[in-house]
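Engineer: Below: one structure in structure tokens.
The values are calculated or read from the model by the stated rules, or taken from the named source; none is laboratory data. Owing to the predicted nature of the structure, the values given are computational and were not obtained by experimental measurement. Because the Cβ atoms are built from the backbone with ideal geometry, glycine has one as well, and the counts that use them run over all protein chains shown. For accessibility, only protein heavy atoms count, side chains too; no ligands or nucleic acids. Shrake-Rupley method; radii C 1.70, N 1.55, O 1.52, S 1.80 Å.
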Amino acid sequence: MDAVIDKDLASSVLAGEIKADIFVIATDVPGVSIHWGKPQQRSLRKTEPAALERYMSEGHFPAGSMGPKVQAIRHFPSGQRQPGNRLPLEDIERAIAGEAGTEVV
């Protein structure tokens with residue numbers, strides 16, 4: 001049987017299990033955006049899980065790119081601080097300080 005284990009979702013589950021205070025996904029973009037690649041593109045600096053859900057249902061986060069990252073962020077347990085940041089590796093310290101990436105509150 002073939003299987004695919006998504007590294008972002010697995011990391012989110014692990015972070016929840018160890019009761020991590022923060023969950024950061026380091027990647028090559030500065031944060032989560034809607035209308036990606038279009039004139040009305042907008043970066044989300046701070047957002048709520050419900051807004052991510054709505055944007056996902058509107059098709060803003062394709063399965064082959066932002067979708068798995070947003071799914072992982074949404075699965076990090078609520079009630080824990082969850083700046084589900086997606087950002088360049090060099091911005092991790094700024095993300096932890098709440099100064100970079102997309103923070104999900």
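Engineer: Determine the gain in length on full extension of the stretch residue 1-residue 35; use 0.36 nm per residue of separation and subtract their C-alpha separation, reporting nm with one decimal. Kindly include the intermediate steps, with their values, before the conclusion.
Structural biologist: Values: separation 34, 0.36 × 34 = 12.24 nm, distance 3.68 nm.
Computed gain between residue 1 and residue 35 is 8.6 nm.
Engineer: If you roll a 1.4 angstrom probe over the protein chains with everything in place, what fraction of the accessible area of the chain belongs to carbon and sulfur, to the nearest %?
Structural biologist: 55 percent
Engineer: Once you have the Cα-Cα distance between residue 19 and residue 63, take 0.36 nm times their residue separation minus that, and quote the gain in nm to one decimal.
Structural biologist: 13.1 nm
Engineer: Please give the direction-averaged projected area of the C-alpha convex hull for segment 1-48, in square nanometres with one decimal.
Structural biologist: Projected over every direction and averaged, the Cα hull of segment 1-48 covers 5.6 nm².
Engineer: In addition: Rounded to the nearest 20 Debye, what is the dipole magnitude of the chain about its Cα centre when Lys and Arg each give +1 and Asp and Glu each give -1 at the C-beta?
Structural biologist: 320 debye
Engineer: Ranked highest first by the average count of other Cβ atoms within 10 Å around their residues, in what order do 60-73, 10-23 fall?
Structural biologist: Details: 60-73: 17.1, 10-23: 14.6.
Ranked from most to least packed, the peptides come out as 60-73, 10-23.
Engineer: Largest first and in whole Å, give the semi-axes of the chain's equivalent ellipsoid, each being the square root of 5 times a Cα gyration tensor eigenvalue.
Structural biologist: 20, 18, 13
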